[in-house]
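The values are calculated or read from the model by the stated rules, or taken from the named source; none is laboratory data. Note that the structure is predicted; figures quoted are calculated from it, not measured. Heads up, the Cβs are rebuilt from the backbone with ideal geometry, glycines too, and the neighbour counts pull from every protein chain shown. To get the accessible areas, we keep the full protein, side chains included, count just its heavy atoms, and leave off ligands, DNA and RNA. Shrake-Rupley method; radii C 1.70, N 1.55, O 1.52, S 1.80 Å.
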Amino acid sequence: MAYSEKVIDHYENPRNVGSFEKDDPSVVTGMVGAPACGDVMKLQLKIDDAGIIEDAKFKTYGCGSAIASSSLVTEWVKGKTVDEAAAIKNADIAEELALPPVKIHCSILAEDAIKAAIDEYKTKNK
Amino acid sequence: MNYFDLFQFTPAFDINTAQLADRYRDLQRAVHPDKFAHESEQQKLLSVQRTAQINDGYQTLKTPLLRAEHILSLRGLELSHETTTLKDTRFLMQQMEWREALEDINHSSEPQDLIDSLYDSFADFEKNLFTHLTQLLAKDNQADNLLAADQIRKLKFMAKLQDELSRIEDKLLD
């Protein structure tokens with residue numbers, strides 16, 4: 001199966017790979033996994049007092065599409081409010097990366113990672 | 001298709017695998033395409049289809065993870081093509097750590113020791129998941145079936161880890 005140029009670009013030059021300091025109180029983490037392929041994705045968001053996402057990092061074990069999807073969302077969420085980031089849909093990710101139907105679940109995983117991180121933020125800030 | 005019926009087993013997670021192999025041989029012999037060489041085209045086609053079905057059934061019942069999935073599918077819970085996301089953070093953190101350990105193997109001075117200890121850790125963890133899965137499947141009610149599905153999802157991650165580990169080990173031995 002041929003990957004799109006955008007997927008290859010993100011796969012070869014992934015943006016924002018890594019982790020933040022574990023104890024940083026402004027950092028929340030979304031951990032998700034896809035049982036069908038065994039992919040594991042960690043997305044961390046650094047959120048300021050006003051609820052703006054200052055920075056994002058990811059670590060993904062999975063195929064090129066899963067890595068590209070998570071790399072892309074770290075770029076997209078930066079500068080967004082928590083609610084704006086929560087509105088990102090997997091279809092947007094799949095369209096941007098031109099993912100074939102069999103790889104749509106990678107974009108679902110990335111969407112769910114954002115949601116999981118924001119859930120943690122909302123629980124923390126109740 | 002109920003593969004337990006095909007192989008004359010009561011649907012259960014614990015089955016006698018020696019008996020399964022015997023029945024597989026018997027069924028295969030009975031429908032083997034060579035037997036139908038002089039029959040009509042339709043009969044030949046039917047025998048090929050039956051053979052494929054028997055092979056699929058055997059693989060499904062022989063492999064514990066597939067057998068468990070088949071049991072849930074017979075109970076109306078289909079897991080084979082799902083895109084459900086697993087969100088158990090503790091479990092996934094452990095998966096991350098193990099993936100990182102797999103990456104470390106190539107930089108290790110004693111790679112085989114690391115490989116052996118990872119095999120042991122994976123086997124222990126998998127054994128616990130299977131024990132829990134067996135208990136849940138025996139109960140056969142909706143709440144426990146849903147929990148059993150989660151065990152199966154986790155076991156799929158373990159299968160992936162073991163695949164990766166044996167791939168790395170093969171490379172190392174080359």
Problem set entry | Residue count for the range A:69-110, restricted to those that are closer than 18 Å to residue A:36 by Cα and in contact with a strand residue (DSSP E or B) (Cβ under 9 Å, 6 or more places away or on another chain) | 7
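Conditions (1) within 20 Å of residue B:67 (Cβ to Cβ); (2) within 18 Å of the chain's Cα centre (by Cα); (3) in a helix (DSSP H, G or I); (4) not acidic (Asp, Glu), marked per residue:
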site	(1), (2), (3), (4)
B:108	no, no, no, yes
B:155	yes, yes, yes, yes
B:162	yes, yes, yes, yes
B:170	no, no, yes, no
Problem set entry | Scope the range A:18-54; condition open to solvent by 80 Å² or more (accessible area, probe 1.4 Å) and either among the small types (Gly, Ala, Ser) or modelled with pLDDT of 90 or more (or both); matching residues | A:25, A:49, A:50, A:54
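A quick yes/no check of all residues on (1) among the β-branched types (Val, Ile, Thr); (2) closer than 30 Å to residue B:164 by Cα:
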{"position": "A:14", "(1), (2)": "no, yes"}
{"position": "A:19", "(1), (2)": "no, yes"}
{"position": "A:40", "(1), (2)": "yes, yes"}
{"position": "A:44", "(1), (2)": "no, yes"}
{"position": "A:65", "(1), (2)": "no, yes"}
{"position": "A:82", "(1), (2)": "yes, no"}
{"position": "A:88", "(1), (2)": "yes, no"}
{"position": "A:93", "(1), (2)": "yes, yes"}
{"position": "A:109", "(1), (2)": "no, yes"}
Exercise. Conditions: (1) open to solvent by less than 40 Å² (accessible area, probe 1.4 Å); (2) at pLDDT 95 or above. Residue A:100 meets all but one. Number of the miss?
Worked result: (2)
For this session: Output the residues belonging to the range A:30-46 that are touching a helix residue (DSSP H, G or I) at 6+ places or on another chain (Cβ under 6 Å) and either more than 7 Å from chain B (Cβ to nearest Cβ) or of a type in the set (A, V, I, L, M) (or both).
Result: A:30, A:31, A:32, A:34, A:39, A:40, A:41, A:43, A:45
Exercise. Of all residues in the range A:1-15 being open to solvent by 60 Å² or more (accessible area, probe 1.4 Å) and of a type in the set (A, V, I, L, M), which is nearest to residue A:71 (Cα to Cα)?
Worked result: A:8
For this session: Could you tell me which numbered condition residue B:91 fails, if it satisfies all but one of (1) more than 25 Å from residue B:18 (Cα to Cα); (2) away from every other protein chain (no Cβ under 14 Å)?
Result: (2)
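If a residue counts only when it is among the charged types (D, E, K, R), which helices (runs of 4 or more DSSP H) contained entirely in the range B:1-90 have at least 3 such residues?
B:17-31, B:41-62
To keep it simple, each residue is scored yes or no on (1) closer than 20 Å to residue A:19 by Cα; (2) crowded, with 23+ Cβ neighbours inside 10 Å; (3) over 14 Å from the mean Cα position of the chain (by Cα).
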residue: A:60; (1), (2), (3): yes, yes, no
residue: A:76; (1), (2), (3): yes, no, no
residue: A:91; (1), (2), (3): no, no, no
residue: A:116; (1), (2), (3): yes, no, no
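Matching residues to (1) of a type in the set (S, T, N, Q); (2) open to solvent by 30 Å² or more (accessible area, probe 1.4 Å); (3) touching a strand residue (DSSP E or B) at 6+ places or on another chain (Cβ under 6 Å):
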{"residue": "B:119", "(1), (2), (3)": "no, yes, no"}
{"residue": "B:133", "(1), (2), (3)": "no, no, no"}
{"residue": "B:139", "(1), (2), (3)": "no, yes, no"}
{"residue": "B:142", "(1), (2), (3)": "yes, yes, no"}
{"residue": "B:149", "(1), (2), (3)": "no, no, no"}
{"residue": "B:152", "(1), (2), (3)": "no, no, no"}
{"residue": "B:158", "(1), (2), (3)": "no, no, no"}
{"residue": "B:162", "(1), (2), (3)": "yes, yes, no"}
For this session: For the range A:112-123, state whether one or more residues are outside any loop (DSSP other than H, G, I, E, B), within 18 Å of residue A:4 (Cβ to Cβ) and in contact (Cβ under 8 Å) with a residue 40 or more places away in the chain.
Result: no
For this session: Could you run through the range A:47-70 and say how many residues are within 12 Å of another protein chain (Cβ to nearest Cβ) and over 26 Å from residue B:81 (Cβ atoms)?
Result: 2
